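**Student:** Sharing a structure here in structure tokens format.
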Amino acid sequence: MTDQNRDILCEDLFKIYRASGIDVVALRGLDLTINSGEMIGVVGASGSGKSTFLNMLAGFDKPSAGLIKVFGFNLNEMNQTEIQKYRRSQIGFVWQESMWNLFPYLSVIENVMLPMNLMDDTNLKKKKKAEQLLDLVGIRTDQFNNNSKQLSGGELQRIAIAIALANDPALLLADEPTGQLDSLSASNVFDCLKTVNKQKGTTVVIVTHDPGISVFVDRSILIRDGRACVEIIKDNEFVLVDHNNMLQIPEKYMKSKKLEGRVRMDLSDGDLLISSVEKILR
């Protein structure tokens, strides 16, 4: 059993945005617990609510309703100053766009050292730590003084991971970190995140549209319409029931069973059977 103060707890999360006079519901009762030291993928299509969820974990946004606690920090109750301290001490963030992760006029090692300016260490200690982080993410020594124009997209994202780790965050968040990469580079970035998770014990949450992430993570959570609907653990797929006893049937079963509108549910020898009403009435 883990220490709950080191876990991430989300209960009945709602997020409603007002756009052009219309209420847009991004999250609608999301329930999710992430254990300290886990590496999970949050998978969903555009508009599913996955990026909204990630922004809440980072303290960039607050829920309209519900509870969100990260390592004992109740983000609902924190003011802006407290949120800023929380982000500096607890959060590392990797953006999809490399231009948001690195300054193009700085070298690789200067980019990694930059966040360390918030620390009291000497430049020598900062440089040594930056070199260790770059080695961890697989960047060669002869690339340390390169600038971003001399690097591939995959290398830039691995450097972004090193930058995000500069101040030893407990939680590393990655928003579509492989969205602009080819399959080989994407695999290398996922392997890099896995190495960080295993060697440093950092909790890692990756948001992506790619369901193939399940082979790299401890768990993958599929989000649809602002709710967690499916959990995949080592090729085993589970439908999630929230605290309101609601569940979403995975889309592939909806299509194969032609379920829409009204459906019928029965118990047979302890098994739950779901059938199309149209099929029953024929």
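Laboratory data are not the source of any read-out in this text; all were calculated from the coordinates shown. Here the structure is a predicted model, which means the values were calculated and not measured. Positions of Cβ are generated from backbone atoms using ideal geometry, with glycine treated the same way; all protein chains shown enter the neighbour counts.
**Student:** To make sure I understand the rule: partners must be lysines, Cα under 19 Å from the Cα of LYS258, and not fewer than 8 residues away in the same chain. Which ones qualify?
**Tutor:** LYS279
**Student:** So what J values fall out for the stretch 143-149 if you push phi through Karplus, 6.51 cos²θ - 1.76 cosθ + 1.60 with θ = phi - 60°, rounded to Hz, Gly and Pro as x?
**Tutor:** 9, 4, 9, 6, 9, 4, 5
**Student:** Next question, about the same structure. What's the longest bit of the chain with no exposed GluC sites (Glu not before Pro), using DSSP loop states and at most 15 other Cβ atoms within 10 Å as the test?
**Tutor:** 98-259
**Student:** On to the next question. Can you tell me the FRET efficiency between GLN84 and ASN35 if r is taken as the Cβ-Cβ distance and R0 is 22 Å, rounded to the nearest 0.05? Each step should come with its number before you reach the end.
**Tutor:** Values: r = 26 Å, r/R0 = 1.19.
The pair GLN84/ASN35 has a calculated efficiency of 0.25.
**Student:** Something else: Find the centroid of the Cα atoms in the stretch 153-219 and in the stretch 84-141, then give the distance between the two in whole Å.
**Tutor:** 15
**Student:** Go through VAL43, ALA228, GLY153 and say which Cα lies farthest out towards the positive end of the charge dipole of the chain; charges sit on Cβ, +1 for Lys and Arg, -1 for Asp and Glu.
**Tutor:** Comparing the listed Cα positions along the dipole, GLY153 ranks first.
**Student:** Placing +1 at every Lys and Arg Cβ and -1 at every Asp and Glu Cβ, with all other atoms neutral, what dipole size does the chain have around its Cα centre, in debye to the nearest 20?
**Tutor:** Charge dipole of the chain: 280 debye, to the nearest 20.
**Student:** With angles folded into 0 to 90 degrees, how steeply does helix 80-90 sit against the dominant principal axis of the chain? Use alpha carbons for both and round to 10.
**Tutor:** Approximately 80 degrees, to the nearest 10.
**Student:** Something else about it: Using Cα atoms only, what is the angle between the long axis of helix 153-164 and the major principal axis of the chain, expressed in degrees (0 to 90) to the nearest 10?
**Tutor:** For 153-164 against the chain, the angle is about 80 degrees.
**Student:** I would also like to ask the following. With a cap of 10 neighbouring Cβ atoms within 10 Å, and only residues DSSP puts in a loop, list the trypsin sites (Lys or Arg not before Pro) found in the stretch 49-92. Write out the running numbers ahead of the final one.
**Tutor:** Numbers: sites: LYS50, LYS69, LYS85, ARG87, ARG88; in loops: none.
Filter output for the stretch 49-92: empty list.
**Student:** Checking the cross-link filter: which aspartates and glutamates have an alpha carbon closer than 13 Å to that of LYS234, excluding same-chain neighbours under 8 positions apart?
**Tutor:** By straight Cα distance, LYS234 reaches ASP218.
**Student:** Just want the answer: with Cβ charges of +1 for Lys and Arg and -1 for Asp and Glu, which residue in THR195, GLY212, ILE16 is farthest toward the dipole's positive end in the chain?
**Tutor:** Positive-end residue among those listed: ILE16.
**Student:** Can you return the lysines within cross-link range of LYS50? Criterion is Cα-Cα under 21 Å, with same-chain partners fewer than 8 residues away left out.
**Tutor:** LYS15, LYS62, LYS69, LYS194, LYS252
**Student:** Specify the residue with the greatest mean-square fluctuation among THR122, THR202, THR33, computed from a Gaussian network of the chain linking alpha-carbon atoms under 10 Å apart.
**Tutor:** THR122
**Student:** Something else now. Report, by chain and number, residues whose modeled amide H sits under 5 Å from the one on PHE93, excluding near sequence neighbours (fewer than 5 apart, same chain).
**Tutor:** When sequence neighbours closer than 5 places are left aside, the close amide H contacts are LEU173.
**Student:** Angle between the Cα long axis of helix 123-136 and the longest principal axis of the chain, 0 to 90 degrees, nearest 10?
**Tutor:** 40
**Student:** What list of ³J(HN,Hα) couplings, whole Hz, do you get for the stretch 235-243 from phi and the Karplus terms 6.51, -1.76, 1.60, once you set θ to phi - 60° and write x for glycine and proline?
**Tutor:** Once rounded to whole Hz, the list reads 6, 9, 9, 10, 7, 9, 10, 7, 6.
**Student:** Sticking with this one: Return TRP100, TRP95 ranked ascending by Cβ neighbour count within 10 Å, so the fewest neighbours appear first.
**Tutor:** Result, fewest neighbours first: TRP100, TRP95.
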